[in-house]
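Scroll down for the structure; my scribbles are underneath it.
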Amino acid sequence: MPKVTVDGVEIEVPAGATVLQACELAGKEIPRFCYHERLSIAGNCRMCLVEVAPGPPKPQASCALPAAEGQVIKTDSPMVKTAREGVMEFLLINHPLDCPICDQGGECDLQDQSIAYGRGATRYDENKRAVAEKYMGPLIKTAMTRCIHCTRCVRFSEEVAGVDEIGALGRGEDMQITTYLEKAARHEMSANVIDLCPVGALTSRPYAFEARPWELKKTLSIDVSDACGANIRVDSRSREVLRVLPRINDDVNEEWISDKARYMCEGLTHQRLDRPWLRKKGKLVAATWDEAFAAIAKAAPGKSIAAVAGDQSDCETMFAAKALLGALGSSLLEGRQTGMDYDTSSLAAVNFNSTFAGIEEADAILIVGSNVRTEAPLVNVRLRKAVRRGARVFLIGPEWETTFGGQFLGNDLSLLGNLPSEVSDALNAAKNPAIILGGGAIAKGALGPALALASQFNLVREGWNGFNALHLAAARMGGLMLGFAQEGGIADLVAAKPKVLISLAADEMDYAPFTDSLKVYVGHHGDAGAHVADVILPGAAYTEKPGTWVNTEGRVQFADKAVFAPGDAREDWTILRALADSLGVSVGFDSFEELRAAMVAQVPALGNEGLADYGSTLPAGGGSVSGEIGMPVKDFYLTNAICRASPTLQRCSGELLHGEDYAEAAE
């Protein structure tokens with residue numbers, strides 16, 4: 001490890017580190033615009049200039065200069081100070097200086113660094129350059145006159161998202177950043193360029209002019225739009241969530257989130273259920289809480305009661321429902337709304353065992369029945385990293401446009417029992433072989449044959465477990481840990497013919513077989529479940545309650561409450577607790593703390609944030625399966641009730657997926 005001296009302090013730095021990284025290890029802040037830890041080095045902005053000896057008697061860009069033995073680095077010499085002032089002066093020559101009306105104001109790198117490192121005045125009084133605005137779709141608002149050509153957005157699109165949609169045209173003063181042919185950015189991670197942009201050139205179109213950052217309350221939460229469990233920050237004002245931003249978690253989402261995760265929050269203020277409703281003579285009419293509970297108690301369900309957990313249910317809500325049914329003598333619990341009935345006796349067999357960070361180390365990957373781009377965009381990013389490190393990827397299922405290449409083998413599950421020799425050889429020769437089983441394959445009964453392959457190719461070995469199930473629902477793993485799974489799936493509930501069916505915001509299930517049951521919907525949006533319900537009890541969305549979620553890799557994560565639910569809506573567990581009183585049973589808790597303590601006592605893993613230990617032993621598997629695979633995600637932007645209520649995601653679906661035209665006001 002080379003030793004360098006930074007402002008008189010000698011330190012050791014890792015081999016291959018840059019001078020900028022060496023300075024940061026020494027505790028020195030180096031300004032930068034183009035440099036980003038997760039992107040390739042561009043060396044465009046020259047803001048990170050430092051003085052280095054031995055070397056030429058001039059400042060050098062620290063982001064692109066390797067640290068070498070014996071270097072003496074100065075980060076605050078007069079030469080460096082003058083050079084940074086000059087760079088900032090050049091950057092501001094054409095900048096419009098419209099900070100008071102810029103939506104980036106208050107969280108703009110250019111603002112901060114011009115104050116810290118810039119001059120107090122400019123020597124330039126020529127006319128500024130103007131650049132025409134570019135249309136980048138319904139999510140990204142552009143003001144390209146502000147652009148400083150850092151190319152972060154270009155590098156993110158090419159390197160992380162894997163979609164070459166943004167690039168640079170022209171040279172010198174005529175250089176412009178744009179999407180090709182000025183079309184909308186169509187990939188599922190596009191809005192991350194808003195966070196990357198160090199100036200106000202790319203901002204959020206739906207959030208534009210809604211608030212200033214100092215007005216917002218910031219709450220740490222977990223994304224529930226898919227099963228990845230991305231770490232997010234919820235920014236709210238009063239009782240309204242205004243935006244969602246990613247939080248850094250290298251093990252889960254690094255610092256990215258999908259477009260759906262970012263803009264789903266807009267649906268929290270649309271089509272909300274804010275009062276109880278009862279169905280009378282075929283029509284829903286407003287009711288009081290007492291009337292709603294009385295209607296349920298009148299059904300006198302006794303043991304004949306069942307509960308189905310929706311895809312976004314938190315563990316506390318599911319545990320409260322389990323406690324209620326247990327007190328009534330029922331164990332009819334299910335969380336797989338769409339009818340899947342795979343074996344859940346071993347959670348290791350239905351877990352993403354490699355972990356998201358670990359899948360980057362795989363060198364041969366077989367993906368079965370999964371469009372990873374739409375089902376788990378954050379896993380797709382990891383697969384790109386694996387391929388860039390040399391991994392080979394094979395896919396079974398319908399063809400889709402991958403961002404990492406890969407070889408499609410066909411769309412018949414019988415291939416699992418007769419893999420081409422090329423695939424078998426690659427898995428046998430791999431140091432870290434992996435299988436990713438998607439929801440489309442699990443629904444067709446492919447779990448057993450896939451487990452047989454895990455044994456055949458020795459996917460579980462010292463320090464490595466390459467068998468992975470990729471779920472679609474944020475509530476899935478938590479529900480399985482709490483026992484929300486019947487041996488026959490929903491079919492077992494249908495066969496039991498319960499007098500009362502409690503739906504915990506289960507909007508994707510088929511309610512037709514439960515025509516004789518009193519359907520009680522505990523949810524937050526007037527979606528499919530509410531349309532067929534006999535009793536509607538308004539609950540809280542994911543931003544309106546504290547909760548525990550477990551992602552598809554078995555990672556337990558906690559979220560805080562950001563805002564209050566609207567109107568008479570209540571947190572779900574309180575509804576189920578009050579319902580227990582109406583039904584004359586005791587559930588054993590009266591507060592959220594007591595509820596969580598009871599849940600952790602029953603399932604200790606839910607009390608520790610981090611990966612749950614399901615063991616590494618997989619069932620033997622076996623059997624055969626055939627038939628074509630259908631992809632469960634038909635529309636990436638409209639996969640749940642909150643998304644379907646979001647005007648922005650509705651527009652994304654119409655414009656980006658279905659080619660609809662949206663005229664602006666001036667048109």
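Summary table
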quantity	calculated
Under 18 Å from LYS280, Cα to Cα: aspartates and glutamates that are on another chain or at least 8 residues apart	ASP290, GLU291, ASP516, ASP534
Accessible-area ranking of HIS531, HIS471, largest first, probe 1.4 Å	HIS531, HIS471
Helical contribution to [θ] at 222 nm, DSSP H n ≥ 4, -39,500 (n - 2.57), averaged over the chain, rounded to 500	-6500 deg cm²/dmol
Between segment 619-662 and segment 321-339, the alpha-carbon center distance in angstrom	27 Å
log10 of Debye I(q)/I(0), alpha-carbon scatterers only, for the chain at 0.10 Å⁻¹	-1.00
Nearby lysines by direct alpha-carbon distance to LYS3 (threshold 18 angstrom, same-chain neighbours under 8 apart not counted)	LYS28, LYS74
Segment 284-318 residues near the modelled ARG239 label - backbone nitrogen below 18 Å, point 7 Å along Cα→Cβ	287-289
Formal net charge of residues neighbouring ARG32 (Cβ-Cβ distance under 15 Å; K, R +1; D, E -1)	+1
Local net charge near SER313, Cβ-Cβ under 13 Å (Lys/Arg +1, Asp/Glu -1)	-4
C-alpha center-to-center spacing [segment 575-616, segment 365-433] in angstrom	39 Å
Inter-label distance for ALA53 and SER346, nm, one decimal - labels placed 7 Å from Cα along Cα-to-Cβ	6.5 nm
Length released on extending from ALA327 to LYS283, taking residue separation times 0.36 nm less the Cα-Cα span	12.7 nm
Between segment 490-516 and segment 245-309, the Cα center-to-center distance that results, in Å	16 Å
Area of TYR637 that stays accessible when all protein chains are in place (1.4 Å probe, Å², to 10)	10 Å²
Magnitude of the charge dipole, the chain, Cβ model with Lys/Arg +1 and Asp/Glu -1, debye to 20	480 debye
Antiparallel content of DSSP bridges confined to the chain, in %, to 5	60 percent
Point-to-point label distance, ALA300-GLU609, nm (Cα→Cβ direction, 7 Å offset)	4.9 nm
Positive-pole candidate from ILE502, CYS23, GLY369, dipole of the chain, charges at beta carbon	ILE502
Cα shape, segment 32-97, gyration tensor, a/c 1.5 rule	oblate
Share antiparallel - DSSP beta bridges, segment 464-615, percent rounded to 5	45 percent
All-pairs Cα distance distribution in segment 247-298, expressed in whole percent, bin size 10 Å	19, 27, 18, 17, 18, 1
Cα-based reach from LYS218 at 19 Å (exclusive), listing lysines while leaving out same-chain residues under 8 positions away	LYS545, LYS561
Share, in percent, of DSSP beta bridges within segment 393-540 that are antiparallel, nearest 5	10 percent
Cβ-based net charge around SER221, under 14 Å, with every Lys or Arg adding one and every Asp or Glu removing one	+2
LYS28 accessible area, 1.4 Å probe, all protein chains in place, Å² to nearest 10	80 Å²
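The values are calculated or read from the model by the stated rules, or taken from the named source; none is laboratory data. All values derive from a computational prediction rather than experimental measurement. Here Cβ is always computed from backbone atoms with ideal geometry, including for glycine, and neighbour counts include all displayed protein chains. Ligands, DNA and RNA are stripped out before the accessible areas are found, and what is left, the full protein with its side chains, is counted by its heavy atoms. Shrake-Rupley method; radii C 1.70, N 1.55, O 1.52, S 1.80 Å.
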